[in-house]
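To keep things clear, I will list the structure first and then write my remarks on it.
Throughout, read-outs are computed from the coordinates displayed, never taken from laboratory work. None of these values were measured; they are calculated from a predicted model. Because the Cβ atoms are built from the backbone with ideal geometry, glycine has one as well, and the counts that use them run over all protein chains shown.
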Amino acid sequence: MLRYYLRLAFNSLRRTPGLTALMVCAIALGIAACIVTLTVYHAMSGNPIWWKNNVLYAVTMDSWDPGTPYDSKHPTLPPPQLTYKDAIYLASSNIPKRKVIMTQLTGMLNGAPGQAVPLRVMTRATTRDFFAMFDVPFEYGGGWRGSDRDALPEIVLSKQVNAELFGGADSVGRSISWNGNRFRVVGVLRKWQPLPRFYDVVNSAFPPPEGTDQVFVPFAWMTALQALPTGNMTCHGSGGVDNYQQFLGSECLWIEMWAELPTAAGRERFRAFMDAYWAAQRKTGRFQRPLNNRLTDVGQWLQDNGVVTSDSRILLRVAFAFLAVCLINTVGILLTKFLRAAPIIGVRRALGANRRHIFMQHIVEVAVVSVAGGLLGLAVGAAGLAGVRAIHAQDNTYAMLAHFDPLGVAWALALAAASTLAAGLYPAWSVGRLPPAGYLKSR
Amino acid sequence: MNLNLRPILSALARNRTGAVLIALEIAIALAVMVNATWIVAQRVQQIEEPSGFDARDMFAIGVSALSSHSDLGAAQREDLAYLRSLPGVVAASATSSVPLSPYGQGTSLSPLPGSNAPMTWTRMMEADEATLETLGVRIIAGRNFGAADIRPLTKGFFQAYPEVIITQSLADKLFPGGNALGKPVYSGDNTPMTVVGITSNFIPSVADTPAYDALLVPQAPGDFGIYFCLVRTRPGMTATLLQTAERHLATSNLDRVIFSAQTLPYYRARLDASSRDMAIFLAVVTALILSVTCLGIFGLTTFNVSTRTKQIGTLRAVGARKRDIVAHYLVENAIVLVTGGAVGCVLALGVGQWLSDQYQLPRLDLHFLVIGVVGLAVIGQLAAWHPARRAAAVPPSVATRTI
Amino acid sequence: MLKMQDVSKVYRTDLIETHALRNFSLEVKSGQFVAVSGPSGSGKTTFLNVAGLLETFDTGIYELNGQDVARLSDDARSRMRNEKIGFIFQSFNLIPDLDIYDNVDVPLRYRRMKAAERNRRITKALELVGLASRMKHMPSQLSGGQQQRVAIARAIAGDPALILADEPTGNLDSLMARQVVDLLEQINEMGTTIVLVTHDPELARRAQRNVHVVDGVVIDSAPYERRIPTEEAHGGVSRSAG
């Protein structure tokens, strides 16, 4: 029976090639638009550490100028970074299960066997909990385990740096020089590039190739080498800074802090801890802005920092509106076409078809249009994504679109099937309800 | 012409669902197209925002110190000397930021001293005497830095400078009455920095601050272990000179390393990228929605005509002229367009309001709405024109034919 | 086979009430060949629609093949139409996009027959009407008479107990009409009950029995031969309902 209905469907669709083409192409375009925007939106806004969304929190306090907000476009948000003083104090708390403070600076690697020229690397100076907190995968070895207060000469390499300097071999235990100091390799990462780079959106949520973290050193080296961060840093406040000590005590914001707080009680306690510190510091003249201590989860963090741009959300809505237009178009065409065939449907009913037969016959026709439109839409959507990727070949932002992941394909197919079938349900159903007699009268 | 609306309306009422669907389609299409075009106009405006200088024949090379012991001051002097010696290089300068790129710094300034003074956040650039010439930016008032004014690189931090240069845009913000020249500005303390020069507006580097606010300080860059060599070349020679320079500088001084070498147009393109993408996508979708809607009108009207040939023939047989048939279909179409358009206007305004509330976009310009409605009406009627002509061509004899 | 007792059907619109059938009573025994005639608007077509379960009726009893059809569901009615009744229409009503074979096939498909069985029946039916050689042709390639014969093949392919025909010769010239009538007689001789509605006196003469309907009521139910004098008495007067 299905084969019969398929034959009838193809017959019917062939009879009006223009309308059929219009329906299929319109659906295909609508679905392609949705696929492209959905994939881009999903890739750009997805929380790459979603399994820890209720556990990891960005720690921020508002130490900015009382006269103006840090970001005039989002005046209620505190700055995303902390001063050295505040970071060190907050990190001294034992309330969080784990915590990390970190910053970014450039470094020079030298002394690997056979290395001709020094290699400039983007370095993340971080305390040791970084790796456990963010579930960073290691190929060889692991992170350092000593005290955060000590400038341990231990370094972790990214997979790419390890490949470039040691040919990808297990380099744990090998010696290398970073910014002129001898370090021992304690770990090499697997390929790890969460996008968006949620833990450091300030420097860039989608870092260009020259901006991704390539090596990791203990945070204490900042003070040990009197090094300045080369990532984002904003300062305000009175007085010039004449030396490094004054720099550490200044109102310059250059440190990101994250805390692992799995329980609500823990979060309450930590917030109380932050508030107490804030109150105490306020008495000395700092923190003159209203109280705005925050613990922000990753999803909200991405939103606050504009990682999910309003643009991608607008695009998503436009794409869906377009799909709606295409579907309405299709419903109209199907309805008109089916109703026009009313006399023939009357004949079939006279010959013994019941309402279900008529409905099935027309739903099959709808399904053929839907499958054709869906497949075409997938193809056009894939081409569209390939085009987007090609245009942004050098931009890391779109690198993750390299793979048309199976989840995306499944989504697209489901979208195609569901939307078109939904569109065709009404026409197919209403045509089955036509009374047979009315359309048989030939006079 | 005898426009008898009642038969037309009753014919429409009998084919209600089809007409309602088209009207709905038109409403949504109108709402989307008007707002999408509005956003495109905004983005195009952003893309066309002039950089304030001719970025076409410029490139920038980023240099990073090898270790904390590197003498970046000497490296700078060496690099600039080499670059200026290259034939085809018009000017070269050492700066702490690259215009149009995200590499840059900012600071806050006030016309009043003290830490409680109202501050304006602005981009900042450590520059030398050749910077303005390299950029090709004009001095409107006052003077440029002299070679002797440039403070050499030391390990100091955030010192106050006796003399600074600001852009016109920043001058207007700090001194609304005019006459910024010669006035002091402060960076949150009591040390005055005198404005010795005011330049025309240009984009120093990219951030959330207003585009053209910039402060130039006479300082050899390199506090953070990084500096940039900004170079202007003669037209057409940028690509080759960039390659030559990069190759030489990579090995000429092993105390420092080249970490980036790009033309300024590259940064401009990156800057415009997201606006451009958005504009292109919206423009494409707008065109597609318009096409789909019009093809839908065309297709359905053609179809309706082909199923009603008997009625048309009968009408003609009883005396309707070709003109009357055409009018019938165009009026029928017009009713649907007007209904859809009216709903679409309400929808478009609603969407526009929502967009401006949610996403801080400027309010929809009503001109766009008017143009959208008129445009859609005209194109919608054009879509029904051909089928209406086909209807008029149905011969009256069809009325008497049996099936 | 077909037993109607005091069946009434009223069409109601906002303004008019039309009594298409009024206390209509008719009994057709299995194997009979009955012609129903009457002036236009007399309710003949409504009778055929009700008889063929294409329309419902308001009051009365209708038994088809021994079964009371009043409370049958739409599904059951469809099944009856499919298995027990064969329709022949004035304007043939073949499906224009299907070829002859597929047209005859349509009712068999709704019976879920296997392909071999269907093929056998279709071939037999087309052979009976003399159009087996044109199986793959489209309806538009056939003359009016040939199309009607295909419609007849379609009606008998499922071995129905009853054939209902609405002016089967109405759109045909006299030669083609005669062919059709011959066929119908043949089918009747094979045991199928035939009830047809017609204006054509030739066709009516060939039927065993004639029923005359005026204003929704059966006026007379008798073989045609006895009708001739009464027909002249009625001649010229045609009352229309509504």
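Below are the figures for this structure:
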read-out: Globularity ratio of the stretch B:67-254, using Cα Rg and 2.2 N^0.38 Å; value: 1.04
read-out: Antiparallel DSSP beta bridges within the stretch B:67-254, percent to nearest 5; value: 65
read-out: Förster radius 22 Å - calculated FRET efficiency between C:Ser30 and C:Asp68, Cβ distance, rounded to 0.05; value: 0.80
read-out: Net charge over other residues, Cβ less than 12 angstrom from the Cβ of C:His199 (K, R count +1; D, E count -1); value: -3
read-out: For the stretch B:218-234, 3J(HN,Hα) per residue [Karplus equation, 6.51 cos²θ - 1.76 cosθ + 1.60, θ = phi - 60°, Hz, x = Gly/Pro]; value: x, 9, 5, x, x, 3, 9, x, 9, 8, 10, 9, 9, 10, 10, 10, 6
read-out: Per-residue HN-Hα couplings for the stretch C:79-86 [Karplus 6.51, -1.76, 1.60; θ = phi - 60°; Hz; x = Gly/Pro]; value: 5, 5, 4, 6, 9, 9, 10, x
read-out: Other-chain or far-sequence residues with amide H under 5 Å of B:Glu163's (modelled H); value: B:Thr194
read-out: Among the listed pairs C:Lys84/C:Lys136; A:Lys97/A:Lys159; A:Lys99/B:Lys173; A:Lys337/C:Lys3, those beyond 32 Å (Cα-Cα); value: A:Lys99/B:Lys173; A:Lys337/C:Lys3
read-out: Space enclosed by the convex hull of the alpha-carbon atoms of the stretch B:257-339, per residue, Å³; value: 133
read-out: DSSP-defined beta bridges in the stretch C:2-234 - what % are antiparallel, rounded to 5; value: 55
read-out: Estimated Rh, the stretch A:68-142: Kirkwood, alpha-carbon pairs, angstrom; value: 15.9
read-out: Cα Rg, Dmax (largest Cα-Cα span) when computed across chain C, Å; value: 18.0, 55
read-out: Separation between Cα centres of the stretch A:264-280 and the stretch C:119-148, rounded to whole Å; value: 91
read-out: All lysines inside 16 Å of C:Lys9 as judged from Cα atoms, apart from same-chain residues fewer than 8 positions distant; value: C:Lys44
read-out: Equivalent-ellipsoid semi-axes of chain B, from the Cα gyration tensor, Å, largest first; value: 68, 24, 15
read-out: Among A:64-72, A:283-291, the order from most to least packed when residues are scored by Cβ within 10 Å on average; value: A:64-72, A:283-291
read-out: Convex hull volume per residue in cubic angstrom - Cα atoms of the stretch B:1-121; value: 377
read-out: Likely footprinting exposure, B:Thr191, A:Thr20, A:Thr37, fewest C-beta neighbours within 10 Å first; value: B:Thr191, A:Thr20, A:Thr37
read-out: Estimated distance in nm for a label pair at B:Glu129 and B:Asp189, the labels positioned 7 Å out from Cα along Cα-to-Cβ; value: 2.7
read-out: Computed over the stretch A:62-292, Kirkwood Rh from alpha-carbon pairs, angstrom; value: 18.8
read-out: Helix-derived mean residue ellipticity, 222 nm - over chain A, DSSP H n ≥ 4, -39500 (n - 2.57), to 500; value: -15000 deg cm²/dmol
read-out: The stretch B:70-104-the stretch B:234-282 distance, computed between alpha-carbon centres (Å); value: 14
read-out: Pairwise FRET efficiency - B:Asp255 versus B:Arg234, Cβ, R0 = 35 Å, nearest 0.05; value: 0.70
read-out: Share of pairwise Cα separations in the stretch C:22-93, more than 18 Å, in percent; value: 43
read-out: Least to most buried among A:Cys326, B:Cys345 (fewest other Cβ within 10 Å first); value: B:Cys345, A:Cys326
read-out: Extended-chain gain in nm, criterion 0.36 nm per residue less alpha-carbon gap, C:His199 and C:Gln141; value: 18.1 nm
read-out: Shielding by other protein chains, B:279-292, mean Cβ within 10 Å; value: 5
read-out: Estimated [θ] at 222 nm from DSSP helical runs (n ≥ 4, -39500 (n - 2.57)) normalised by residues in chain B, nearest 500; value: -17000 deg cm²/dmol
read-out: Globularity index of chain A, i.e. its alpha-carbon radius of gyration over 2.2 N^0.38 Å; value: 1.37
read-out: Mean Cβ count within 10 Å, highest first, over the residues of peptides A:113-120, B:293-300, A:50-57; value: B:293-300, A:50-57, A:113-120
read-out: Computed Rg/Rh of the protein assembly as shown, alpha carbon atoms with Kirkwood Rh; value: 1.18
read-out: 10 Å Cβ neighbours from other chains, averaged over peptide B:39-45; value: 1
read-out: Beta bridge orientation in chain B: antiparallel %, DSSP, nearest 5; value: 75
read-out: B:Ala287 versus A:Ala163: modelled label distance in nm, points set 7 Å from Cα along the beta carbon direction; value: 3.9
read-out: Most fluctuating residue given options B:Ala348, B:Ala250, B:Ala31, as computed from a GNM of chain B linking Cα atoms under 10 Å; value: B:Ala250
read-out: When the convex hull of its Cα atoms is projected in every direction, mean area for the stretch A:1-112 (nm²); value: 18.6
read-out: Along each principal axis, Cα extent of the stretch B:193-332, largest first, Å; value: 97, 40, 28
read-out: Packing rank of A:188-195, A:97-104, where each peptide gets the mean count of other beta carbons within 10 Å, highest leading; value: A:97-104, A:188-195
read-out: Shielding by other protein chains, B:249-261, mean Cβ within 10 Å; value: 2
read-out: Convex hull volume of the stretch C:27-66 per residue (C-alpha atoms, cubic angstrom); value: 89
read-out: Least to most buried among A:Thr420, B:Thr251, B:Thr339 (fewest other Cβ within 10 Å first); value: B:Thr251, B:Thr339, A:Thr420
read-out: Theoretical FRET efficiency, 1/(1+(r/R0)^6), r = Cβ-Cβ of B:Gln42 and C:Asp173, R0 60 Å, to 0.05; value: 0.20
read-out: Estimated inter-spin distance, B:Asp149 and B:Glu246, nm [label 7 Å along Cα→Cβ]; value: 3.4
